[in-house]
Amino acid sequence: MLHELPVYVSRMRQIAILGTVVALATVPPLALGLGVSERAGLASLAMVSAVATIGGVLWGARELRAEYRKLKWRTRGLHLVTQSELAADEQERLRRLILPPSSTGLDVLYVRELVRLHILEHAAENLGTPLALTLLGVVGGTGASVWSLWA
């Protein structure tokens, strides 16, 4: 568990930096709205919101596919080790190096990893159409929002 802590802190740092960037990105449109034109400020804010939403959707899709590929390669490695002619203790050592099991003494070795792999596989295969519709909706909604300011 302690070896996972630096990754967790790193991820939290990424989230904090991203949140700060998004928050700071809303300041210029608000300043523009107060100083120059309310319509221009609202249009800029709508576009910043669209960019943040699209970025979040694409980032999530990338993370899902990266995790799927990593887990897929590791389970292929497990399969190769299991099919090899190595001694059982050497196979066990290699399997734990390739993919440390997250199971407890009450469940079967690597069940969680295999279930996660199948879930990710299903999600990755079916991600294209919902992703395209979401991005189309964000772009269309942002365009309508900006257009309505001058209509």
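The values are calculated or read from the model by the stated rules, or taken from the named source; none is laboratory data. Since we're looking at a predicted model, the values are computed, not measured. Cβ coordinates were reconstructed from backbone atoms using ideal geometry, including for glycine residues, and neighbour counts include every protein chain displayed. The accessibility values were calculated without ligands, DNA or RNA, using every heavy atom of the protein model including side chains. Shrake-Rupley method; radii C 1.70, N 1.55, O 1.52, S 1.80 Å.
Does any residue of region 110-128 turn out to be more than 22 Å from Thr53 (Cα to Cα), part of a loop (DSSP other than H, G, I, E, B) and charged (D, E, K, R)?
no
Look at region 65-98 and say how many of its residues are over 18 Å from Leu109 (Cβ atoms) and either modelled with pLDDT under 85 or open to solvent by 100 Å² or more (accessible area, probe 1.4 Å) (or both).
Selection size over region 65-98: 4.
Do we have Arg95 as out of contact with any Leu (no Cβ under 8 Å at 6 or more places or on another chain) and part of a helix (DSSP H, G or I) here?
Values: out of contact with any Leu (no Cβ under 8 Å at 6 or more places or on another chain): no; part of a helix (DSSP H, G or I): yes.
So Arg95 does not fit the description; no.
Within region 99-151, how many residues turn out to be surrounded by 11 or more Cβ atoms within 10 Å (Cβ to Cβ) and either among the aliphatic types (A, V, I, L, M) or in contact with a strand residue (DSSP E or B) (Cβ under 9 Å, 6 or more places away or on another chain) (or both)?
Within region 99-151, residues that are surrounded by 11 or more Cβ atoms within 10 Å (Cβ to Cβ) and either among the aliphatic types (A, V, I, L, M) or in contact with a strand residue (DSSP E or B) (Cβ under 9 Å, 6 or more places away or on another chain) (or both) number 17.
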